[in-house]
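Chemist: Mind having a look at this structure? Questions to follow.
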Amino acid sequence: MTIRHHLSDPLLMAYAAGQLPEAFSLVVATHLSMCDDCRAQAATFDAVGGALIDRAEPAVMDAGSLDAVLARLDTPASPPVRPPVRPRVRAAGLLPTPLADYVGGDLDRVKWRSIGMGVKQAILPTDRAASARLLYIPAGRAVPDHGHRGLELTLVLQGAFSDSSDRFGRGDVEIADQDMQHTPVAETGMDCICLAATDAPLRFTDMLPRLVQPLFRI
Amino acid sequence: MMFDATDSTYPDADVLPQQYAVATLARLRRNKGFRLASDQMNTDWAALMIRVRDQQDKAAFAALFRHFAPRVKSFLMRSGTGAALAEECAQDVMATLWQKAHLFDESRASVATWVFTIARNRRIDAARKARRAEPEDLDWGPAPAPDQAEVMEARQDTDRLSRAMADLPEKQRALIERAYFGDLSHSEIAAETGLPLGTIKSRIRLALDRLRHAMT
């Protein structure tokens, strides 16, 4: 798998800083599980956070703070924990672990809802600052032409799609902002499955999708 | 006090006065405002962390607490957390450091970086009741002893990054700090940090490559 479209530095930095809405964090964590380049870059931004902690002007701790924590170390609830027997590594399925955690299993556990033209979606539970959903686009089919009011991240999990800007295959992530108006088309040969997150409702240009938009929360 | 595993002065488990000297120095510093300019760079936090990990050494933990807890609290307060909650979170972060000590691997991250990631996740828990999705764990297999060359490189990375941070123009440093304290939206964060991140990234990337290679 060769990933050609990566996460941007501002996104990786915001993820390391813990400043992304949950839905975007999910896309980032899923991409990092597939892309060593971005994983390494994210780790460097963690190191920047470490340097900031190291340089922080110390605050005054409450009196007895250290003693309180030392006392906690002796309670039976917090002995040094042994490594977990089973690490969070990917099972044989298609979905990387962070995504499988939200779905509650692999693809067969996704509760798809049809949104017309053979396109299906499943909204994932995240906080309301942004929304995340899985999209299922039959091979050769288009997602209705739409623009964006905010930021939209689309990560390909299976198959591929193309739009006016480029081609996106498994592991690729498309970063779309409000300047972008696009019609993603799934490639023929294999149905396309994507994870998409946005911090604003999509703006469909056709009348009909706009009417049904509130119903489907896209 | 730069300890090195290959150095004969490396304090082993039997040299108790060494540990207490560290703790005493930290206490002196705290109580009397006594502070050496070079302390921060030269104290070997990783060596203390390894004592916590391998020997459940409370004196080593206390020294780590005295350095990191006030900084975590300050970091959280700069991020908009109230003093009382910041204190509670800082205590939780340090308790987590003890509980998860078995996960510490100095070839992968410095103690400061590790403390930062724990503090970040604790802040998200406290503030949003939301979770932060984490990438899946790589299957590291049975943990080999960290390669000493890698450990040294990781330490040099950390020092280099700290120095670079100190040398940044004030305006640029403020921008990076604001990004981490949550004062900037993700679209406002400047991609160009001016920090020598490439060297760190390529070291981590190499480690991942070796790992993937070992797995196939």
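Chemist: Which members of the range A:14-26 meet the condition of being buried (at least 24 other Cβ atoms within 10 Å of the Cβ) and in contact with a helix residue (DSSP H, G or I) (Cβ under 9 Å, 6 or more places away or on another chain)?
Modeler: Across the range A:14-26, the qualifying residues are A:ALA14, A:TYR15, A:ALA16, A:ALA17, A:LEU20, A:PHE24, A:SER25, A:LEU26.
Chemist: Also, I was wondering about something else. Would you mind telling me which numbered condition in (1) among the small types (Gly, Ala, Ser); (2) at pLDDT below 95; (3) not in a loop (DSSP other than H, G, I, E, B) B:ALA62 fails?
Modeler: Only one criterion is unmet by B:ALA62, namely (2).
Chemist: In addition: In the list A:LEU153, A:LEU157, which residue meets the criterion of being surrounded by fewer than 21 Cβ atoms within 10 Å (Cβ to Cβ), part of a strand (DSSP E or B) and not aromatic (Phe, Trp, Tyr)?
Modeler: The unique qualifying residue is A:LEU157.
Chemist: Looking only at the range A:9-34, count how many residues are at the interface with chain B (Cβ under 7 Å from one of its Cβ atoms) and within 28 Å of B:THR81 (Cα to Cα).
Modeler: So the count comes out to 13.
Results for (1) touching a helix residue (DSSP H, G or I) at 6+ places or on another chain (Cβ under 6 Å); (2) of a type in the set (Asp, Glu), shown as yes or no for each residue.
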{"site": "A:ILE3", "(1), (2)": "no, no"}
{"site": "A:LEU11", "(1), (2)": "no, no"}
{"site": "A:LEU52", "(1), (2)": "yes, no"}
{"site": "A:ASP62", "(1), (2)": "yes, yes"}
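Chemist: Another question about this same structure. Residues in the range A:160-176 that are surrounded by 19 or more Cβ atoms within 10 Å (Cβ to Cβ), at pLDDT 90 or above and either part of a strand (DSSP E or B) or touching a His at 6+ places or on another chain (Cβ under 6 Å) (or both): how many?
Modeler: The total comes to 5.
Chemist: Do you know which of the residues in the range B:93-111 that are touching a Phe, Trp or Tyr at 6+ places or on another chain (Cβ under 7 Å) and within 22 Å of B:ALA207 (Cα to Cα) is surrounded by the most Cβ atoms within 10 Å (Cβ to Cβ)?
Modeler: Of everything passing the filter in the range B:93-111, B:VAL111 is surrounded by the most Cβ atoms within 10 Å (Cβ to Cβ).
Chemist: Based on this model, can you work out whether B:ALA133 counts as facing another protein chain (nearest Cβ under 9 Å), in contact (Cβ under 8 Å) with a residue 40 or more places away in the chain and surrounded by 20 or more Cβ atoms within 10 Å (Cβ to Cβ)?
Modeler: No; evaluated as a whole, the condition is false for this residue.
Chemist: Test B:ASP147 against the stated conditions and say whether it is modelled with pLDDT under 85 and at negative phi.
Modeler: yes
Chemist: Related question: May I ask you to say which residue of B:ALA112, B:ALA69, B:ALA90 is in a helix (DSSP H, G or I) and touching a Leu at 6+ places or on another chain (Cβ under 7 Å)?
Modeler: B:ALA90
Chemist: Enumerate the pairs (first residue in the range A:35-52 and free of Cβ contacts under 8 Å to residues at least 40 places away in the same chain and facing chain B (nearest Cβ under 7 Å); second residue anywhere and part of a loop (DSSP other than H, G, I, E, B) and polar (S, T, N, Q)) with beta-carbon separation below 6 Å, excluding pairs fewer than 6 apart on the same chain, so at least 6 apart or on different chains.
Modeler: Cβ pairs passing all conditions: A:GLY50/B:SER110.
Chemist: Within the range A:53-75, how many residues are more than 7 Å from chain B (Cβ to nearest Cβ) and not in a loop (DSSP other than H, G, I, E, B)?
Modeler: 3
Chemist: Which residues, counting only those in the range B:161-171, are surrounded by 15 or more Cβ atoms within 10 Å (Cβ to Cβ) and over 14 Å from A:GLY49 (Cα atoms)? Reasoning before the result, please.
Modeler: Here is the first cut: in the range B:161-171, the ones surrounded by 15 or more Cβ atoms within 10 Å (Cβ to Cβ) are B:161-162, B:164-165, B:168.
If the condition is that a residue be surrounded by 15 or more Cβ atoms within 10 Å (Cβ to Cβ) and over 14 Å from A:GLY49 (Cα atoms), then B:LEU168 is the only one that fits.
Chemist: Would you mention how many residues in the range B:91-108 are within 7 Å of another protein chain (Cβ to nearest Cβ) and either among the small types (Gly, Ala, Ser) or at positive phi (or both)?
Modeler: Looking only at that region, the number is 2.
The values are calculated or read from the model by the stated rules, or taken from the named source; none is laboratory data. Bear in mind that the values here come from a model prediction, so they are computed numbers and not experimental data. When we count neighbours, we look across all protein chains shown, and the Cβ atoms used for this are built from the backbone with ideal geometry, even at glycine.
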